[in-house]
Amino acid sequence: MKKRRRNQLSVLLDGRVARLGLGVLLAGTLGVSAEGQTEAFQSSAVPRDSNRELRSKTWSVYAEGGLSWATGVWYPSLDAKRSYKQSPAVGGGVDFTLCPWVRIGAEYIWSRYRREQRLSSLDQSTMPIKAYGNYAVNYHNAKLGVGFNLMELWSARGAQWLNVWVGSGVGYMMARGTEYTLAFSNTQTQDGTTSPLTAGTSISNESTVLITGNVQTNNRHEKFERIYVPASVHVEADVSRQVTLGLKGELDWVLSRKELAPKHLVFAMATLRYNFVPSRASVLRRHYEGELRLLNAELNALREQSEEDRLRAERLEKEKGALEGANSELSKKLSDCESSKPQVSTERISHFVQFDHNSSYISREEGDRLRLFAQGVQGRKLRLVAEASTPGSKSYNQQLSERRLKRVISALISEGISEGSLSPRTAVGEENGISTSAGRRVTITAE
């Protein structure tokens, strides 16, 4: 009976400790995550996208603890406490995050469950009579799994510290169990024959009857190994870059369970994860080192550009000095030329009209040139001299020069030149004695 009390006390303590531990972890998760969510990945100095990349190709380890339930167990609980349906569970694992929304890992969970039978009435029709039974099983679950982050489907989310992982995989269960029973065995010996003392047994008064009562205990060991398929939901909150708190729910389907293994194992656990990622100080240091490298590169480029501009300015300054010296020299030479050039008459030959040999008609080209000249000397006084070359008689050449003079005067008047401004007008014939084309023209001088 003392052993029975110790077993009951052990079960009670297991249940209370497990519930207390789970409550503390839940409270810690909610409180710390509420305070740390603003610090985890909200640094104004580091871009948010870089925070997500911190969780790519990184390792993490975690520990977990909470409660477990076993369903479909072959050993029923009779007249036992409801807390016997809950059992402690602890474990841990390691994960490798391939990218912000996929991770793979391995996990180990130890859990146990206990079933107790407290029989309020004894069935005397069987022998021995079972009075008490206790069945305890230790589970060792090892699994390989993959998880997917549902929060990454929400690309515009601002709370990068909160993640919801769903996962599955395959696991292997190794269980060891012990059944402890307490039974009564009553026998009667009459006429040398021993038989069980059960309900309806009659005792003869004609002979001596020996009634014997025995108390029997039995420990029976069981073990089984099964493959199971897990399905889990894991809500995690990043307290910092390295530390993550979470709540996890998992349901395991046991394959080929037969009669001893449970149908399902259900876990409700709190997790504490450590991520092997750089600290925020390290990330900030690398960030600012990168910024400083960029700024130094830009500063060096600006220095090189400044040096090139300085050299170009010096070269331009030298060229400017050389040009100023050349300009000063040219100005001096021009001044010397102006002071040394001879004084000439204010009269100048402005235009001449060329004629063909033995002709007084003005060609189209000469007419166009004369028209342009007349437009430029409006209002000025014009002096005209008509000539003829030496071939031919002197009187004929005189008449030819006079006809040429009249043609030019008529053309000037038609262009708006007043006749009064055409003076003097002279026809000199072959007086200048020029035999070439230079003697067949009318020279117009504007005063």
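The values are calculated or read from the model by the stated rules, or taken from the named source; none is laboratory data. In this text, all values refer to a predicted model and were calculated from it rather than measured experimentally. Ideal geometry is used to build each Cβ from the backbone, glycine not excepted, and the neighbour counts take in all protein chains shown. When the accessible area is computed, the model is the full protein with side chains, heavy atoms only, and any ligands, DNA or RNA have been set aside. Shrake-Rupley method; radii C 1.70, N 1.55, O 1.52, S 1.80 Å.
Kindly indicate which of L98, L25 is closer than 22 Å to G145 by Cβ and at pLDDT 50 or above. Spell out the reasoning first.
On the way: L25 fails: at pLDDT 50 or above.
On inspection, the qualifying residue turns out to be L98.
Can you tell me which residue in the range 240-259 is farthest from T97 (Cα to Cα), limited to those that are open to solvent by 30 Å² or more (accessible area, probe 1.4 Å) and either part of a loop (DSSP other than H, G, I, E, B) or hydroxyl-bearing (S, T, Y) (or both)? Among them, the one singled out is E259. Please tell me if R425 is in contact (Cβ under 8 Å) with a residue 12 or more places away in the chain, open to solvent by 50 Å² or more (accessible area, probe 1.4 Å), in a helix (DSSP H, G or I) and not aromatic (F, W, Y). No, not satisfied. Among the residues of the range 392-410, those identified as closer than 16 Å to D356 by Cβ and in contact with a helix residue (DSSP H, G or I) (Cβ under 8 Å, 6 or more places away or on another chain) are G392, V408.
Take the conditions (1) modelled with pLDDT of 90 or more; (2) more than 21 Å from E447 (Cβ to Cβ); A427 misses just one of them, which is (2).
Pairs are defined by a Cβ separation below 8 Å, a sequence spacing of at least 6 or placement on different chains, a first member in the range 127-138 that is under 12 Å from N214 (Cα atoms) and open to solvent by less than 20 Å² (accessible area, probe 1.4 Å), and a second member that is modelled with pLDDT of 85 or more and of a type outside the set (S, T, N, Q); the pairs so defined are I129/A183.
Give the residue, chosen from R118, R114, that is closer than 16 Å to A183 by Cβ and surrounded by 15 or more Cβ atoms within 10 Å (Cβ to Cβ). Matching residue, one of R118, R114: R118.
Might you check whether a residue that is open to solvent by less than 50 Å² (accessible area, probe 1.4 Å) and more than 28 Å from the chain's Cα centre (by Cα) occurs anywhere in the range 152-169? The answer is yes; a qualifying residue exists.
L182 - would you say it is assigned to a strand (DSSP E or B), farther than 30 Å from C99 by Cα and open to solvent by less than 30 Å² (accessible area, probe 1.4 Å)? Write out each step before concluding.
On the way: assigned to a strand (DSSP E or B): yes; farther than 30 Å from C99 by Cα: yes; open to solvent by less than 30 Å² (accessible area, probe 1.4 Å): yes.
Yes, satisfied.
Remark: pairs (first residue in the range 207-225, on the phi > 0 side of the Ramachandran plot and assigned to a strand (DSSP E or B); second residue open to solvent by less than 70 Å² (accessible area, probe 1.4 Å) and among the aromatic types (F, W, Y); Cβ separation under 6 Å; 6+ apart in sequence or on different chains) are absent.
For the range 389-416, name all the residues that are closer than 20 Å to G379 by Cβ and in contact with a strand residue (DSSP E or B) (Cβ under 7 Å, 6 or more places away or on another chain).
V408, I409, L412
Test L382 against the criterion of being in contact (Cβ under 8 Å) with a residue 60 or more places away in the chain, in contact with an Asp or Glu (Cβ under 9 Å, 6 or more places away or on another chain) and on the phi < 0 side of the Ramachandran plot, and give yes or no. Please lay out each step first, then the result.
On the way: in contact (Cβ under 8 Å) with a residue 60 or more places away in the chain: yes; in contact with an Asp or Glu (Cβ under 9 Å, 6 or more places away or on another chain): yes; on the phi < 0 side of the Ramachandran plot: yes.
For L382, the condition - in contact (Cβ under 8 Å) with a residue 60 or more places away in the chain, in contact with an Asp or Glu (Cβ under 9 Å, 6 or more places away or on another chain) and on the phi < 0 side of the Ramachandran plot - is met.
Matching residues to (1) within 24 Å of Q398 (Cα to Cα); (2) outside any helix (DSSP H, G or I); (3) open to solvent by 70 Å² or more (accessible area, probe 1.4 Å); (4) at pLDDT 80 or above:
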site: L323; (1), (2), (3), (4): no, no, yes, yes
site: A326; (1), (2), (3), (4): no, no, no, yes
site: E329; (1), (2), (3), (4): no, no, yes, yes
site: L334; (1), (2), (3), (4): no, no, yes, yes
site: S345; (1), (2), (3), (4): no, yes, yes, no
site: H351; (1), (2), (3), (4): yes, yes, no, yes
site: D356; (1), (2), (3), (4): yes, yes, yes, yes
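Would you check if there is a residue in the range 262-273 being open to solvent by less than 80 Å² (accessible area, probe 1.4 Å), assigned to a loop (DSSP other than H, G, I, E, B), out of contact with any Gly (no Cβ under 9 Å at 6 or more places or on another chain) and modelled with pLDDT of 85 or more? No, the range 262-273 has no match at all. S435: surrounded by 13 or more Cβ atoms within 10 Å (Cβ to Cβ), touching a residue at least 12 places away in the same chain (Cβ under 8 Å) and on the phi < 0 side of the Ramachandran plot, yes or no? Against the criterion (surrounded by 13 or more Cβ atoms within 10 Å (Cβ to Cβ), touching a residue at least 12 places away in the same chain (Cβ under 8 Å) and on the phi < 0 side of the Ramachandran plot), S435 does not qualify.
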